[in-house]
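Inspection log for the structure reproduced underneath, given as C-alpha cells.
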Amino acid sequence: MSAEPEDTPETRRARLILGLRSQGVSDPAVLTAFERTPRELFTPDLFQERAWEDSALPIACGQTISQPFIVGLMTQALTLEPRSRVLEIGTGSGYQTAILSKLARLVYTMERYRTLLGEAEARFRQLELGNVITRFSDGARGWPEQAPFDRILVTAAAPGEPTELLSQLKPSGVLVAPIGRGPVQTLKRYAGDGRGGFREEILCEVRFVPLLEGVAQEL
Ligand code: SAH
C-alpha cells in the first residue's frame, strides 16, 4: 500500500488507519487518537511525503520516530483509562506522547537529548496539549518524585528487565517495553498482580534504538 503522488494527506491517513486496524489495532479510542494526531508535524521536512507511511523514519540526533503500527500496538497494550497517569521514556519526536495525551489524564515524558525535547515541546504547544509534562533526564531511572504511575511506556530498548521502572508502577499498573540488547528485541507487557508481582507477556519482535545511560552530552 504505497502512497501515490496525487494522494491527499487525508487519503494517506485514512489508508494508514485502515492498515492498523487490519493488523490488529482495533481499539476505537486508539484509532481515534491516530486520526486526531498530525504525524506530518512530527516528521522531518525531508520525509514529509512519507509521514503517513507505516514505517519508522529518522529524526535528529540519530534517533527515530516509531512505526505507526508499533505505536498503535504499544498504546493498545497499555490499556489506558481516561484517569491514567502515564510515564513515557524516550520522547523522541513526541508523536507517541501526543497519542498518549489523547487517551490519558497526564503524560510525563523523559528524553536524554535536549534538542529533541525542545522540538517536541514546541509541537506540544502548537497542538495545545495541556496534559504533557516533560523532563530532560535519564529515563532509565524513572521519575521517582511523580511515582507511582498507572502506566509506563518505554520507547527505547532496555537491556534487561526494567526493575527500577517496575518499582515506580502502581500494584495493578501496566508497563510495556522493548527488552533486549541486540538489533531485534522482544516487546513485553508487564501487568501488576496487585500484590507486588507481575504477569509477563510477550507481544512481538521489534527494532528500537537502545535505552542509553545518562543524558547526552552533545545537543
Ligand atoms: N516515542 C518516540 C520514539 C523515539 S526513539 C517517537 O514517537 O518519536 C527513542 C528515544 O528514546 C530517543 O529519542 C532516545 O534519545 C531516547 N532515549 C534513549 N535512552 C534514554 C534514556 N535513558 N532516557 C531518556 N530518553 C532516552
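Derivation of every value follows stated rules applied to the coordinates shown; laboratory data play no part. As the structure is a computational prediction, the values presented were derived from the model and not from experiment. For neighbour counting, all protein chains shown are included, and Cβ atoms are generated from backbone atoms with ideal geometry for every residue, glycine included.
Quick notes
- Both radii were evaluated on the Cα set of region 137-206; the Rg over Rh quotient, with Rh as the Kirkwood radius, amounts to 0.96.
- Derived from the Cα gyration tensor, the three semi-axes of the equivalent ellipsoid of region 92-219 are 23, 18, 14 Å, largest first.
- Using all pairs of distinct alpha-carbon atoms, the Kirkwood hydrodynamic radius of the chain works out to 17.4 angstrom.
- Among 167, 93, 66, the largest mean-square fluctuation in a Gaussian network model of the chain (Cα springs under 10 Å) belongs to 167.
- The mean of 1/r over all distinct Cα pairs in region 51-139, once inverted, gives the Kirkwood hydrodynamic radius of 13.2 Å.
- Within region 1-92: Cβ-based charge dipole about Cα centre, in debye rounded to nearest 20 (Lys, Arg +1; Asp, Glu -1): 380
- Region 152-219: trypsin sites (Lys or Arg not before Pro) in DSSP loop, at most 14 other beta carbons within 10 Å: 181, 195
- Normalised by residue count, region 6-73 yields a Cα convex hull volume of 81 Å³ per residue.
- Spin-label pair residue 23-residue 114: with each label point 7 Å from Cα along the Cα-Cβ axis, the two points sit 3.6 nm from one another.
- Under the combined filter of DSSP loop state and at most 13 neighbouring Cβ atoms within 10 Å, region 114-219 retains these GluC sites (Glu not before Pro): 128, 213, 218.
- FRET efficiency estimate (nearest 0.05) - Cβ-Cβ, residue 40 to residue 201, R0 35 angstrom: 0.55
- Part-to-part distance (alpha-carbon centres) for region 71-139 and region 40-56, which is given in Å: 18
- Share antiparallel - DSSP beta bridges, the chain, percent rounded to 5: 45
- Mean Cα-pair separation over length for region 34-81, i.e. relative contact order, pairs under 8 Å, 6 or more apart, %: 24
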